[in-house]
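All remarks here apply to the structure that follows.
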Amino acid sequence: MISKWQSSPASQDYSVDELMVTVMATQFRDGDQCCNGMSSFIPVAAFMLAKLTHAPDLVWLPSSGGLESRPDRIPASTLEAPLWRDSIMYIEQYGDFWNFVLNGRWIQKFCVGAAQLDQYGNANNSVIGSDYHAPKVRLPGTAGLADMGSIGKKLYFWNPDHSLRSLVEKVDFISAAGYLGGGDEREQLGLEGGPEALISNLAKIASFDVVSRTSVLQYRDARKPLPEIARELKVDAVLTGSVLRAGQSVRITVQLIDARSDRHLWSHSYERDLTDVLALQREVARAVAREIRLKLAPDEPGETRPVDPLAYEAYLKGRFFIQKETRADHARAVSYFEEAVRLDPDHAPSWAGLADGYT
């Protein structure tokens with residue numbers, strides 16, 4: 001018997017959240033036993049989608065509540081009662097749940113979010129800042145993530161903010177061990193399982209690994225040949241670019257280079273008015289992704305609204321100073337964000353930056 005969804009035409013319009021749910025659902029197999037952390041509505045929707053499509057015998061156990069629940073709606077917090085409705089059995093969180101999880105035969109996969117995640121899958125949900133006792137931001141805590149990362153579970157992270165703030169070179173605090181410093185460090189500690197995938201608002205970039213900006217910046221003034229740099233970074237291709245501003249216009253030139261042969265694979269230049277700089281960023285990102293045969297998530301409606309050029313310039317300066325550690329730099333960042341929201345009150349990223357500066 002063919003269900004309605006199987007015979008319906010493919011959707012031509014979908015949101016970033018829906019794409020994240022779909023990509024995450026592909027990580028689960030029929031017969032898998034999975035659980036999720038708090039506020040994990042993306043994984044919950046992915047479990048339900050997988051059961052409806054390719055994994056009908058997937059077993060789903062929320063971190064608190066009921067086994068195999070069928071909620072009328074998915075609440076923001078996956079500890080809320082609506083998620084337990086119509087379960088085949090109820091689970092007591094602090095006893096039965098952990099008895100199931102600690103038993104090595106059950107619950108192999110754990111889906112969870114993290115405020116910071118580094119290239120080795122080390123996760124931070126504890127503090128932001130270099131001083132644990134006086135952090136810039138104190139986060140909710142591990143909420144079971146540390147346990148799941150140390151008892152052999154496979155970890156599937158989800159993050160709707162694919163940015164330098166959340167995907168970092170080194171986490172400020174290790175709430176849950178990934179592969180630590182890389183290599184076999186995790187194995188040497190006798191830890192099984194570990195991070196398997198990250199699903200972000202760029203969806204999943206399959207087997208393609210993007211080296212972090214911090215790792216690349218050390219080569220900015222290097223005189224080494226490109227193939228040598230590529231070998232050190234362990235990459236197959238390098239994307240280079242330049243930005244030129246003239247009055248109210250901005251020109252971006254990008255080149256994709258085969259790292260092994262030092263041969264240009266593709267290059268293009270883009271020129272726009274500064275008011276369209278956000279649309280230009282997305283156009284360049286999509287063009288690069290298309291050339292390397294990847295697909296990025298579709299933009300949400302309204303994300304490419306015109307922006308005041310002076311406001312955007314102040315916002316970029318604010319973002320530069322907010323990455324630094326000193327109080328003086330944070331004060332400068334706040335002043336730039338304040339200028340940005342004054343010039344363009346509808347520019348949401350400037351308000352977000354201002355909130356960062358105040359925390």
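Quick note: the coordinates plus some simple rules give every number you see, no bench work behind them. These figures come from a predicted structure and were not determined experimentally. Methodologically, a virtual Cβ is constructed for each residue, glycine included, from the backbone with ideal geometry; neighbour enumeration extends over all protein chains shown.
Remark: spin-label model distance residue 192-residue 283 equals 5.3 nm, labels positioned 7 Å along the Cα→Cβ axis.
What is the packing order of peptides 24-30, 160-166, taking the mean over residues of other C-beta atoms within 10 Å and listing the highest first?
Values: 24-30: 18.4, 160-166: 13.7.
For the peptides 24-30, 160-166, the packing ranking is 24-30, 160-166.
For the stretch 4-200, what is the percent of antiparallel DSSP beta bridges, rounded to the nearest 5? Could you put the intermediate results ahead of the total?
Numbers: 8 of 26 bridges.
Here the share of antiparallel DSSP bridges comes out near 30 percent.
When the GluC sites (Glu not before Pro) in the stretch 65-170 are filtered for DSSP coil states and for at most 14 other beta-carbon atoms within 10 Å of their beta-carbon, the remaining sites are 92, 169.
Label sites at residue 331 and residue 261, each approximated as a point 7 angstrom past Cα along Cα to Cβ, lie 5.6 nm apart. Pairs with C-alpha atoms separated by more than 27 Å, drawn from the list 136/317; 136/234; 136/224; 51/170; 170/234, are 136/234; 136/224; 51/170.
Extending 7 Å from Cα along the Cβ direction at residue 57 and again at residue 269 yields two label points whose distance is 6.1 nm. On full extension, the segment bounded by residue 92 and residue 169 gains 23.9 nm, given 0.36 nm per residue less the C-alpha separation. Shown in residue order for the stretch 85-90 are the 3J(HN,Hα) couplings computed by the Karplus curve 6.51 cos²θ - 1.76 cosθ + 1.60 at θ = phi - 60°: 4, 6, 7, 7, 6, 9 Hz (x for Gly and Pro). Under a 5 Å amide H cut-off, with hydrogens placed 1.01 Å from N, residue 91 pairs with 65, 66, 67 among residues at least 5 apart or on other chains.
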